[in-house]
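First the structure, in the form of structure tokens, and then the observations on it.
The values are calculated or read from the model by the stated rules, or taken from the named source; none is laboratory data. What you see is a predicted model, and the numbers here were worked out from it, not measured in a lab. Virtual Cβ from ideal backbone geometry, glycine too; neighbours counted across all protein chains shown.
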Amino acid sequence: MEKDGRAAPWQDVDTGRAHRKNVVGPIEPELSPDSGSRNILFSPPAFLTLHPEERMTFPPFVFVYPPEGNPEIPRGTRLLWYPSIRELSFSPAGTTEHLDELIATGLVDDAESIRISDFAKKAVRLPDSIARLTSLRSVRIETSQFADWPGVYRISTLRTLFVDEKVTALPDGIGQLKALEELTIKGKKIASLPEDLGSLPNLRTLVIVNAPITHLPDLSGLTALQTLRLVWTRKLKVLPDGLDTLAALERVETDMVPLTEIPVGLAQHANLRALVIRGGKVKKLPDVSWPQLRELENFGPLKKLPKTFEAPALEHVVLGDALPALPPLPADSLQSLDVNAPLTSVDPALASVNRLRLTCTKQAYAALSDDEREAFGARLRAAWQ
């Protein structure tokens, strides 16, 4: 530290948040940080700060503009050049008013993701110049103050969009994100979804959590969709038609969703590999063949499987405590089976399943021979024990 209290060029300063190296005045340093390090850009109200993604290891470089009002940082501290900024994070109350200027410097040309936190105190918008960041792949919105969805929708390179529960609405226009592959919506106040959500040709994963939606838009245009996950959408009672037309769909998960039935078309889906139903009101499954189903999980009121239940590729099964009997299951393909309900009968062939946990009634246990009981061992538990 120099006598006048200012930081000397290249002097190390520990502000308590991170170990930082300051550059004073018009000095343009020759920096050669580890090319493997990734960096995050923060923009608190009065300054912008760079520090790495891993909070435990901080490379000694910082960009502060301007530092007024922050006693931890000496006046005039400024980094004039910084390579390969990968992530931009705006907090707290971090308006994006400096972003346009920052983009013009070229400092964030390699930025891959943007995060706007819930600290914002006024409307947050993205500048038109955001379209220049052709490396952007991910946007995470965590504030109810975000007011510029058109700004997000014009990021043509976007692959991942995360909408936090503080967001109150998701307007139309999302269909412009033709490169989007993963969409997560966690919105307690998002009562409806944009209809053009169903026109994202490259979307592979759709996750909706806590949204009080009563229906899903037509999803038949999601030709690349592989995973559909619905969690605590407590007002959604039916799945949309057309899921059976999504050739790429492999996994459907519902968690505490009050569905009453599974569409027959979905059950007959040629490529469906996993059906997970936790909670809800589904009491039976369609009596059809499930040609590619490999994983079946149900914790809910499911009381029976079809007597002719055909799932020749089934590998993993988890069933709750409402199912008293099992249809014949493909013991040859099964790798794990977990049934909490006290079964009234047990197929001895299931003893060959590697990971097995069954509960049965006293009568079912008595019906097994001594050799069969020995084959099951501790993996078969009598309900009265």
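When residues in region 179-193 are screened for being crowded, with 16+ Cβ neighbours inside 10 Å and hydroxyl-bearing (S, T, Y), 1 of them pass. The residues in region 194-215 that are surrounded by fewer than 20 Cβ atoms within 10 Å (Cβ to Cβ) and closer than 19 Å to T254 by Cβ can be counted, and the count is 9.
Sort through T233, T143 and tell me the only one that's in contact with a strand residue (DSSP E or B) (Cβ under 7 Å, 6 or more places away or on another chain), hydroxyl-bearing (S, T, Y) and in the same structural domain as L266 (by TED's automatic domain parsing). One residue alone meets the criteria, T233.
For the residues L368, L337, L302, the requirement of being under 36 Å from the mean Cα position of the chain (by Cα), buried (at least 17 other Cβ atoms within 10 Å of the Cβ) and outside the structural domain of V264 (by TED's automatic domain parsing) singles out L337. Taking the listed residues S144, S138, the one that is farther than 18 Å from D196 by Cα, surrounded by fewer than 19 Cβ atoms within 10 Å (Cβ to Cβ) and within 16 Å of the chain's Cα centre (by Cα) is S138, with no other qualifying. Scanning region 282-297 for residues being farther than 23 Å from L236 by Cβ and basic (K, R) gives a total of 1. One residue is enough: does region 307-321 have a residue meeting the conditions touching a Gly at 6+ places or on another chain (Cβ under 9 Å), closer than 22 Å to K283 by Cβ and surrounded by 15 or more Cβ atoms within 10 Å (Cβ to Cβ)? Yes, some residue in region 307-321 is touching a Gly at 6+ places or on another chain (Cβ under 9 Å), closer than 22 Å to K283 by Cβ and surrounded by 15 or more Cβ atoms within 10 Å (Cβ to Cβ).
In the condition set (1) in contact with a strand residue (DSSP E or B) (Cβ under 7 Å, 6 or more places away or on another chain); (2) farther than 24 Å from P171 by Cβ, V288 is compliant with all but (1). Residue pairs whose Cβ atoms lie under 6 Å apart, sitting 6 or more positions apart in sequence or on different chains, and linking a residue in region 241-264 that is assigned to a strand (DSSP E or B) to a partner that is of a type in the set (A, V, I, L, M), are R251/A274; V252/L228; V252/L275; E253/V276; T254/L230; T254/I277; D255/V231.
Looking across region 266-290, the residues that are more than 19 Å from A341 (Cβ to Cβ), over 28 Å from the mean Cα position of the chain (by Cα) and part of a loop (DSSP other than H, G, I, E, B) come down to P286, D287, V288.
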